[in-house]
Each structure stands twice: as C-alpha cells, then as structure tokens.
1. Out of (1) more than 23 Å from Asp111 (Cβ to Cβ); (2) at pLDDT 85 or above; (3) hydroxyl-bearing (Ser, Thr, Tyr); (4) touching a helix residue (DSSP H, G or I) at 6+ places or on another chain (Cβ under 7 Å), the odd one out for Thr222 is which?
2. Take Lys208 and decide whether it is in contact with a Pro (Cβ under 8 Å, 6 or more places away or on another chain), closer than 30 Å to Ser58 by Cβ and among the charged types (D, E, K, R).
3. Of all residues being crowded, with 17+ Cβ neighbours inside 10 Å and more than 30 Å from Ile301 (Cβ to Cβ) in the stretch 178-203, which is modelled with the lowest pLDDT? Just the residue, please.
4. Kindly evaluate Lys91 against the criterion of being within 30 Å of Asp133 (Cβ to Cβ) and either at pLDDT 95 or above or among the hydroxyl-bearing types (Ser, Thr, Tyr) (or both).
5. Across the stretch 214-227, which residue is surrounded by the most Cβ atoms within 10 Å (Cβ to Cβ) among those that are within 14 Å of Leu75 (Cβ to Cβ) and in contact with a strand residue (DSSP E or B) (Cβ under 8 Å, 6 or more places away or on another chain)?
6. Among (1) over 20 Å from His26 (Cβ atoms); (2) surrounded by 21 or more Cβ atoms within 10 Å (Cβ to Cβ), where does Lys175 come up short?
7. Output the residues belonging to the stretch 245-269 that are surrounded by fewer than 19 Cβ atoms within 10 Å (Cβ to Cβ) and either among the polar types (S, T, N, Q) or farther than 23 Å from Leu228 by Cβ (or both).
8. Could you please tell me which pairs satisfy a Cβ distance under 8 Å, a separation of 6+ or placement on different chains, a first residue in the stretch 44-57 that is within 27 Å of Asn266 (Cα to Cα) and touching a residue at least 40 places away in the same chain (Cβ under 8 Å), and a second residue that is assigned to a loop (DSSP other than H, G, I, E, B) and hydrophobic (A, V, I, L, M, F, W, C)?
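The values are calculated or read from the model by the stated rules, or taken from the named source; none is laboratory data. In this text, all values refer to a predicted model and were calculated from it rather than measured experimentally. All Cβ positions, even for glycine, are placed from backbone atoms using ideal geometry, and neighbour counts span all protein chains on display.
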Amino acid sequence: MRDVMGRMCFHSDCPYFDKKDFLQLHRRFINLNNLEPLKWENIQHVDERHIKSYNRLSEPTEQEITSALSKLVVLKLNGGLGTSMNCNGAKSLIPVKNGKTFLEMTLQQIDHLNEQYNSSIPFVLMNSFNTDDETVEFLQKMEINQTKPIIFQQNRFPRLYEESGLPIADSCQLKGLRDQAWYPPGHGDVYRSLQKSGLLERFIEEGKNWIFLSNIDNIGATPDLKILCWLEEQEKKGAEHRIDFLMEVADKTPTDKKGGTLVLYNGALKLLEIAQVPEDHVKDFQDSNQFKFFNTNNLWINVKALSNILKDDDLTLDLIGTVKIIPNNDENFFIPDGIILENTVITEPI
C-alpha cells in the first residue's frame, strides 16, 4: 500500500491527504479481527464521580464570563453534505429558519456573544473537500458583521476496491467537485487536522484554554457560559483539578435509544456506541433505565492537553465497524466522532 501511495502522489501534490494517518488507519482496519471483542460483563454504569450535574453549577458573574470568553475558541464541524436531508451541497448552507442557513444562524450566535460581552471569540470551521469551495464562496457573498470565520480543511482519504484493497484513484488529483474516489474521514479527524493547520499552536500562543466543538447543523449547540466558567475555575485550581475533556450528556429518551452512552469499561470512562454492543445486549443498551445518558456531541477540549497528547502521538481511538452502501462497491475508513475511530465497509453495490 505504501508503494501505491507513493505512485499516486508522484506526479501531483496531495493537499489534505496525510499518507501516514491513512496508512495507520488502514493497518488498524486490517488487524481489526485480531482485536479482543468488547466484553459486556466488564461494563459498569457511570456514577456521580464522573458526572457533574448542570444544576449544581453556580451562576457566574459578568466579570467571570468576560474573562472566560477570552479563553474560548468555538469550532464547528462543517464537512458534511445535506444528502440525509435530501439536499445537495454543504449541509451548513441549507436554509432552516426565515431563509437563514445553519452557518448564518451560527454566526449570528457568535456575533451576539461577542457584542454582549465585548469579546472576540474565534469562530473556526473545519471543512472537507466536499464543502470547502462552496462554503468559502458563500462567506465571500455574505455580509460579515463582527466575527470573521477561520477556516481549515480536514484530510481526504482514498476509497478502496473491496476485491483488491487498492485505491480507486490513480493519482492525488481530484476529478470533479466531489470525486467519488475520495472521502472525508469523519469528525474524529478534527484533532490531527487542527494540529497540522497550525491553529492549535496559534490558539495556545494567544492564551486560549478551551475549544467548544460541535456540529454545524446543531443550532442548540452554543457555548454554555456556566460550563465555560466552571472549567476556567477548575483550571485556576491547578493541574490536579483541570478538566482535559468534557462531554455534554443529557438524559436518554426513547428517541435517543441508538445514541452513544458513557460507561466505565475496565474501570475507565468510555463512550459506548450501539455498533460496539453484542447483539444479545442491544435491548439492554437501549434501556434508558440502565443507561441513563446519551452523548450530545458537544465537547469541551483543553487546548494544551490536546496539544500534548498529539505531540506524544498518544491519541488512540476505538475502532467501530458499520455498514453503508454506496456506488462503486468500495471500502472506506471513517472517523466520525470526537473520540471514536470508525471504519465503514461497503459490502455490496447499490
């Protein structure tokens, strides 16, 4: 595979294609069958040691809010298309209310915070090769009031033939707007792509402490000031109290039964997805009396902690297998969530 990658990139540049990351992901996928399966008996429910009740957070003062906002970066995942909503193009550019798109409404929210507290919160978009041109063109035509988005692009990885395991693409050159021989490897790619863009180091130099990470199509995912100020409070208490990673969770309802949940696995916190659950325990997983919380995909990340773990190359994410059907009968390896590595295997043609 390494030789094939070299030939693909010999005659053209390969922007946003990190061969090392892809080969690591490919190698882990090849060895997937050798991994020990999840043992249901090793799963325990989380308790109050791991869950901080929102109702127990104190109301911050305006001075505390202003100070905390100066330490914040808002990052939205903007790599997805609107195909699940029967729309073409970037999902963020779908009009959702009064003719306003997801992107416009999100910018309004950031503008409101900046105006209300006289702050200048950086607003960052992680685009994919599927959404970048369209998003940039939209922003150029859009009237920007106060907040100018910062944009970087995530990796693109080659799709593989199922039979041979080799890339469909014969070069790194994209063919057309959305070349089906390539795909964006999901949301979990955000960490390394952010680092390689130089933005992570820039935010550390600017004195930022927190990245609030969420999906662009979740209009309800706004930075909660009580959570932000509590995180800052813990940060000031020192390393022993600092929170490196915080996930917003909510009580599970019947409509959330397929969503990921927090558990203790072998004594350590873990996000458990339904694709990991043994078939004979799926009903247990979906039972809100047993697993009370679901992952909202709103994440708070300490920038220094993230930088350190990436420098040490110590970020290991779970492998999760799912099945998706697309044209070309090929294979993808996806990283769709903040702390999960997912490989998507295409097993049959449309």
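1. Unmet for Thr222, out of (1) more than 23 Å from Asp111 (Cβ to Cβ); (2) at pLDDT 85 or above; (3) hydroxyl-bearing (Ser, Thr, Tyr); (4) touching a helix residue (DSSP H, G or I) at 6+ places or on another chain (Cβ under 7 Å): (1).
2. So Lys208 fits the description; yes.
3. For the stretch 178-203, the residue satisfying everything is Asp179.
4. no
5. Top of the filtered list is Ile216.
6. Evaluating Lys175 over (1) over 20 Å from His26 (Cβ atoms); (2) surrounded by 21 or more Cβ atoms within 10 Å (Cβ to Cβ) leaves (2) as the failure.
7. Selection gives Thr253, Pro254, Thr255, Asp256, Lys257, Lys258, Leu264, Tyr265, Asn266, Gly267, Ala268.
8. Partner pairs satisfying both residue conditions: His45/Phe291.
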